[in-house]
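Peer 1: Just dropping this structure here.
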Amino acid sequence: MQFDIPAIIQGYAKGYFLMANEGEDSLGWYSSRQRALVPLDDRFRYPKSLRKVLNKEHFRVEINRDFPGVVEGCANRETTWISPQLKQIYWELYQAGWAYSFETWQGDELAGGLLGIVIGGAFIGESMFYRIANGSKVALVKLVERLRSRGFVLLDAQMASPHIDRFGAYIVSDREYQALLKKALQRQCSLW
């Protein structure tokens, strides 16, 4: 099945995101009155214990080395909103140059990663996972460094969680989000 990739990108560019209803394969567009953002400025922080892990360089960072593996890692939970249909959409977005996996590796083992969609200067985070302790945390720190160095405006985490709160995540209203998204869409940024 082929999906209308331009229409999907247009939906994300308007501030919507796709999700499958739990236990179903039907997809729907969702929005939120509030969005959680991971700061790309000096508000970004991380636990001191993670600094030791970063200094020891236990992990190597890769982009799109194992995109399907990251999607599977993100979907591999007791309850998931990443349905088989959504996995296919992510694959097609990846092939079209919109979706990315930002990964940490330990030797030849995928330690963790983040799945997201890049539109202009916005990285819209879809999900993250880890297989080795600190794998996703290191991926997030390194992603923020990469986004800063490439002039990105926005790292959208969609919903708050205790995990991203430790990194300085903050909530914005839909109005604030739309203004930031509009600014981000005017940029031409790349993870490479």
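The values are calculated or read from the model by the stated rules, or taken from the named source; none is laboratory data. Only a predicted model underlies this, so the values are computations on that prediction, with no experimental measurement involved. Because the Cβ atoms are built from the backbone with ideal geometry, glycine has one as well, and the counts that use them run over all protein chains shown. Heads up: the accessible areas ignore ligands, DNA and RNA and are worked out on the full protein's heavy atoms, side chains in. Shrake-Rupley method; radii C 1.70, N 1.55, O 1.52, S 1.80 Å.
Peer 1: Please report, in cubic angstrom per residue, the volume enclosed by the convex hull of the alpha-carbon atoms of the chain.
Peer 2: 117 Å³
Peer 1: What are the residues whose amide H is under 5 Å from the amide H of Met159, where those residues sit 5 or more places off or on another chain and H is modelled from the backbone?
Peer 2: Ala36
Peer 1: Now a separate question. Tell me, what HN-Hα J-couplings in whole Hz come from the Karplus equation 6.51 cos²θ - 1.76 cosθ + 1.60 at θ = phi - 60° for each residue of the stretch 84-95, using x for Gly and Pro?
Peer 2: Ordered by residue, 3J(HN,Hα) equals x, 5, 5, 4, 5, 4, 4, 4, 5, 5, 4, 5 Hz.
Peer 1: In addition: So, in Å, what gap is there between the alpha-carbon centers of the stretch 25-104 and the stretch 154-180?
Peer 2: 15 Å
Peer 1: May I pose another question? Using just the Cα positions, wrap the stretch 78-192 in a convex hull and report its mean projected area in square nanometres, one decimal place.
Peer 2: Directional mean of the projected Cα hull area for the stretch 78-192 stands at 8.1 nm².
Peer 1: In debye, nearest 20, what is the charge dipole magnitude of the stretch 146-192 about its Cα centre with +1 on Lys and Arg Cβ and -1 on Asp and Glu Cβ, if you could check?
Peer 2: Value, rounded to 20: 300 debye.
Peer 1: Cα extents of the stretch 93-134 along the three principal axes, largest first, in whole Å?
Peer 2: Principal-axis extents of the stretch 93-134 (Cα, largest first): 31, 18, 13 Å.
Peer 1: So, one more: Counting only protein heavy atoms and using a 1.4 Å probe, what share of the accessible area of the chain belongs to carbon plus sulfur, as a whole percent?
Peer 2: The value for the chain is 47 percent carbon and sulfur by accessible area.
Peer 1: Could you derive backbone 3J(HN,Hα) for the stretch 144-158 from the dihedral phi with the Karplus parameters 6.51, -1.76 and 1.60 (θ = phi - 60°), listing whole Hz in sequence and x where the residue is Gly or Pro?
Peer 2: So the Karplus estimates, Gly and Pro as x, are 4, 4, 5, 5, 4, 5, 9, x, 5, 9, 9, 10, 8, 9, 6 Hz.
Peer 1: Kirkwood Rh over Cα pairs of the stretch 1-92 into Stokes-Einstein at 37 °C, 0.692 mPa s: D in µm²/s?
Peer 2: Taking Rh from Cα pairs, D becomes 202 µm²/s.
Peer 1: Among the aspartates and glutamates, which fall within straight-line cross-link reach of Lys183, defined as a Cα-Cα distance under 17 Å, with same-chain neighbours fewer than 8 residues apart omitted?
Peer 2: Asp41, Asp156, Asp174
Peer 1: A further question follows. Please report, in debye to the nearest 20, how large the charge dipole of the chain is about its Cα centre when each Lys and Arg carries +1 at its beta carbon and each Asp and Glu carries -1 there.
Peer 2: 980 debye
Peer 1: Using the Karplus curve 6.51 cos²θ - 1.76 cosθ + 1.60 with θ = phi - 60°, what ³J(HN,Hα) values do you get for each residue of the stretch 126-132, in whole Hz, with x for Gly and Pro?
Peer 2: Using θ = phi - 60°, the values come out as 9, 5, 8, 7, 9, 10, 10 Hz.
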